[in-house]
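Scroll down for the structure; my scribbles are underneath it.
The values are calculated or read from the model by the stated rules, or taken from the named source; none is laboratory data. This is a predicted model, so every value here is computed, not measured. No Cβ is skipped: glycine too gets one built from the backbone with ideal geometry, and neighbour counts run over all protein chains shown.
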Amino acid sequence: MRLLLAYACMCNFKLSQMDVKSAFLNGFLNEEVYVSQPLAFEDHLYPNHVFNLKKALYGLKQAPRQLYERLSNFILSKGYARGVVDKTFFIRKHASDVILVQVYVDDIIFGSNNNSMCEEFVATMQGEFKMSMMGELTYFLGL
């Protein structure tokens, strides 16, 4: 994260932030997960039945991993390359233009020396996920 901030300062381009809405409901489960019925929502005909989850739930151990897997696979499918050292860092180059993307749980920090690449990234992400655009990055993780 600090390297991304330093590089953005050095290259004089602004960083923006997006947040995935209902982040942990976006991951699809690869394994079978069963949960008991919540007390207020028990089925009176089948009180001992359990639910087989198809998608991750908030609080489920698999939720952050499944969200990241889905996010990263989508970003990679759009022509981005994953960082060698930091697997949550993505980059895409086109001629002399570059866009940098950093994923941190359900927050995405990105910036480019070409504003149209940022606009394209926002449109692409919002087309696949429910995202809220937080605007220009001013404060993140205490930095």
task: Sort out for me the strands (runs of 3 or more DSSP E) sitting completely within segment 5-103 that have 3 or more residues that are at pLDDT 90 or above.
output: 89-94
- request: Identify all residues within segment 75-99 that are surrounded by 15 or more Cβ atoms within 10 Å (Cβ to Cβ), within 14 Å of the chain's Cα centre (by Cα) and among the hydrophobic types (A, V, I, L, M, F, W, C); write none if there are none.
  value: I75, F89, F90
